[in-house]
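K.L.:
Have a look at this one before I ask anything.
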Amino acid sequence: PTMAHSEALLVLENFIGGKFVPCSSYIDSYNPSTGDVYCRVPDSGKEEVEAAVKAAKDAFPIWSSKSPLERSQILNKLADLIEHDLEAFAQAESKDQGKTITFARMVDIPRAVHNFRFFASSILHHVTECTEMPTMGCVHYTSRAPVGVAGLISPWNLPLYLLTWKIAPAIACGNTVVAKPSEMTSVTAWMMCQLLEKAGVPPGVVNVVFGTGAKAGEALVCHPDVPLISFTGSTLTAQRITEKSAPHCKRLSLELGGKNPAIIFDDADLSQCIPTTVRSSFANQGEICLCTSRIFVQRGIYNEFLKRFVEEAKKWKTGNPSDPTINVGALISKEHLEKVRNYVKKAQAEGARVLCGEGVDPLTLPPGNQKGYFMLPTVIAEVKDESCCMQEEIFGPVTCVVAFDTEEEVIKRANGVKYGLAAAVWSGNVGRVHRVAHKLQSGLVWTNCWLVRDLNLPFGGMKASGIGREGAKDSYEFFTEVKTITIKH
């Protein structure tokens, strides 16, 4: 951008000890729907993380000694403030991430508000255990205490939604936090920091350090005074976090990728199944770890399903994310768009058929969005199970549709990847639904629906999809240390 243009750039600052602190160097953040730089994000490292951890450590004694009710009231106040500014947050999320304004308004920001309200409520209802040993004259009971400074690292696909899913339980339990959002989508985290004081969050309880994983993330993971790391992102980064945190014996919660199957039996209700499966494939540009990118369809209905599925996919409109009639926004970055396109090219090279989308249908964009990172919803058929398109997480608006014959066969094929996060099963036969759900190696199984969440229940994956679970009870257990106390009377 020219000089005159760059003066209008938004410049973010780290939030440490209740104050915004400028950084010595910055990185560019792009608007994915135009391809222009629109924001400068601090390029934090060791020094900034050091200051943030110190602030969090200093705030811990006061915050951890507040009653759950006091913390609950503050979380609720923060939820109210974000909700009051919902439209501004939605606009910022859409511009920064490339997602449609509709998705940001309906999903991202309301869920961020709900995350605070949910943990503000759940924290009031946890109870500890007690057992008696009359013959020994002893009573045992457990007590739970916050762990200390929590390091929270969140991704770029659902920026405020996934950041608050970590911050809310961490501070509800009495921990203080140092959070690092993705350097590609930092704006809504910075906007949230502007509301913390007004909500009554004491200085140092929530610190946000912006920057890259390699610099800021690494400094946070390696810091000896951060006993706990919660991370959502790629399996590759998680391996690095595990190695770096091992010498410090840190407690880890890792929510990683997925290569999620949708299994559609010939007795499925296609009038429900097809629109939902289009949504589960292409929502948020396919940039959700829970998206279904392998669709197994029983042979008897395969042709009909494919025809109707492609028709529905073609109805999804791609374009300017701020247009409320658009279904598919821009992908996060130029590099990511290239990566996703390459998967489609590989599938074609292997002899698979691309039925709609990338390279098949023309993509027409409004004048202002010609340089944006857009891609049409893409459906690939006749892909081999061992193809990289069926094995690796693509994380874009691409899904593969293949046929199967028997229940036993499809379970084996669905389980034949390194991931195990989520699965969808479509069938009118309740016995089959239960049988299949039990046999799938998957942390979540949705039947005849997708992405219906009860935050009380455990969320997380098996195999390369992660370690640990999050949810009312699970998050409480992760963010507290348990102690068993025995009293002889």
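K.L.:
Kindly indicate whether GLU48 is open to solvent by 40 Å² or more (accessible area, probe 1.4 Å) and either of a type in the set (A, V, I, L, M) or in a helix (DSSP H, G or I) (or both).
P.N.:
Criteria not met by GLU48.
K.L.:
Here's another thing I want to ask about it. Which one of these does THR176 not meet: (1) open to solvent by 20 Å² or more (accessible area, probe 1.4 Å); (2) closer than 23 Å to ASP58 by Cβ?
P.N.:
(1)
K.L.:
Evaluate the following for PHE404: is it touching a residue at least 12 places away in the same chain (Cβ under 8 Å), surrounded by 17 or more Cβ atoms within 10 Å (Cβ to Cβ) and not assigned by the TED database to the domain that holds LYS384?
P.N.:
Against the criterion (touching a residue at least 12 places away in the same chain (Cβ under 8 Å), surrounded by 17 or more Cβ atoms within 10 Å (Cβ to Cβ) and not assigned by the TED database to the domain that holds LYS384), PHE404 does not qualify.
K.L.:
Turning to a different aspect of this structure: Quick test for you: out of ALA330, ALA283, pick the one residue that is open to solvent by less than 20 Å² (accessible area, probe 1.4 Å), touching a residue at least 60 places away in the same chain (Cβ under 8 Å), farther than 19 Å from CYS389 by Cα and under 22 Å from the mean Cα position of the chain (by Cα).
P.N.:
ALA330
K.L.:
State the number of residues belonging to region 183-192 that are open to solvent by 10 Å² or more (accessible area, probe 1.4 Å) and not charged (D, E, K, R).
P.N.:
Qualifying residue count for the region: 3.
K.L.:
Could you please tell me which pairs satisfy a Cβ distance under 9 Å, a separation of 6+ or placement on different chains, a first residue in region 9-30 that is closer than 14 Å to VAL201 by Cβ and part of a strand (DSSP E or B), and a second residue that is open to solvent by 30 Å² or more (accessible area, probe 1.4 Å) and of a type in the set (Lys, Arg)?
P.N.:
The qualifying pairs are ILE16/LYS54.
K.L.:
What pairs come out if I take residues in region 34-59 that are outside the structural domain of SER322 (by the TED database) and pair them with residues that are surrounded by fewer than 18 Cβ atoms within 10 Å (Cβ to Cβ) and in a helix (DSSP H, G or I) whose C-beta lies under 7 Å away, six or more apart or interchain?
P.N.:
Taking only residues 6 or more apart or on different chains, the pairs are THR34/GLY368.
K.L.:
If you don't mind, there's one more thing I want to ask. Just to be sure before I move on: is SER72 hydroxyl-bearing (Ser, Thr, Tyr) and out of contact with any Gly (no Cβ under 9 Å at 6 or more places or on another chain) in the structure I sent?
P.N.:
So SER72 fits the description; yes.
K.L.:
Right, another one. When only residues in region 251-268 that are among the acidic types (Asp, Glu) and open to solvent by less than 70 Å² (accessible area, probe 1.4 Å) count, which is nearest to the chain's Cα centre (by Cα)?
P.N.:
For region 251-268, the residue satisfying everything is GLU255.
K.L.:
Turning to a different aspect of this structure: Within region 292-339, track down each residue that is more than 22 Å from GLY98 (Cβ to Cβ) and touching a helix residue (DSSP H, G or I) at 6+ places or on another chain (Cβ under 9 Å).
P.N.:
Selection gives ARG294, ILE295, PHE296, VAL297, GLN298, ILE301, GLU304, PHE305, ARG308, PHE309, GLU311, GLU312.
K.L.:
Among the residues of region 52-63, are any under 25 Å from the mean Cα position of the chain (by Cα) and open to solvent by 10 Å² or more (accessible area, probe 1.4 Å)?
P.N.:
The answer is no; no qualifying residue exists.
K.L.:
If you don't mind, there's one more thing I want to ask. How many residues does region 410-444 hold that are over 18 Å from GLY466 (Cβ atoms), open to solvent by 30 Å² or more (accessible area, probe 1.4 Å) and of a type outside the set (Gly, Ala, Ser)?
P.N.:
9
K.L.:
Let me ask something else about it. For residues in region 446-484 being without any contact (Cβ under 8 Å) to a residue 60 or more places away in the chain and in contact with a helix residue (DSSP H, G or I) (Cβ under 6 Å, 6 or more places away or on another chain), which is least open to solvent (accessible area, probe 1.4 Å)?
P.N.:
THR447
K.L.:
Separate question: Identify all residues within region 216-237 that are open to solvent by 10 Å² or more (accessible area, probe 1.4 Å) and over 21 Å from the mean Cα position of the chain (by Cα); write none if there are none.
P.N.:
Selection gives ALA219, CYS222, HIS223, PRO224, ASP225, PRO227.
K.L.:
Identify the residue in region 87-114 that is under 13 Å from MET192 (Cα atoms) and open to solvent by less than 40 Å² (accessible area, probe 1.4 Å) and, among all such residues, is nearest to the chain's Cα centre (by Cα).
P.N.:
ALA112
K.L.:
Looking at (1) over 22 Å from ALA423 (Cβ atoms); (2) touching a residue at least 60 places away in the same chain (Cβ under 8 Å); (3) of a type in the set (A, V, I, L, M); (4) outside any strand (DSSP E or B), which one does LEU337 not meet, given that it meets all the others?
P.N.:
It fails just one condition, (2).
K.L.:
Name the pairs whose Cβ atoms lie under 6 Å apart, with the first residue in region 185-208 and in the same structural domain as TYR30 (by the TED database), the second charged (D, E, K, R) and open to solvent by 10 Å² or more (accessible area, probe 1.4 Å), and 6 or more positions between them or separate chains?
P.N.:
ALA199/LYS77; GLY200/LYS77; GLY204/ASP58
K.L.:
Is it fair to say LYS95 is assigned to a loop (DSSP other than H, G, I, E, B) and assigned by the TED database to the domain that holds ASP80?
P.N.:
no
K.L.:
To continue, here is another question. Can you tell me which residue is surrounded by the most Cβ atoms within 10 Å (Cβ to Cβ) among those in region 241-250 that are more than 19 Å from LEU162 (Cβ to Cβ) and not polar (S, T, N, Q)?
P.N.:
Result: LYS250.
The values are calculated or read from the model by the stated rules, or taken from the named source; none is laboratory data. For clarity, every value in this text was computed on a predicted model and none was experimentally measured. Cβ: placed from backbone, ideal geometry, glycine included. Neighbour counts: every protein chain shown. Only protein heavy atoms, including side chains, enter the accessible area calculation; ligands, DNA and RNA are left aside. Shrake-Rupley method; radii C 1.70, N 1.55, O 1.52, S 1.80 Å.
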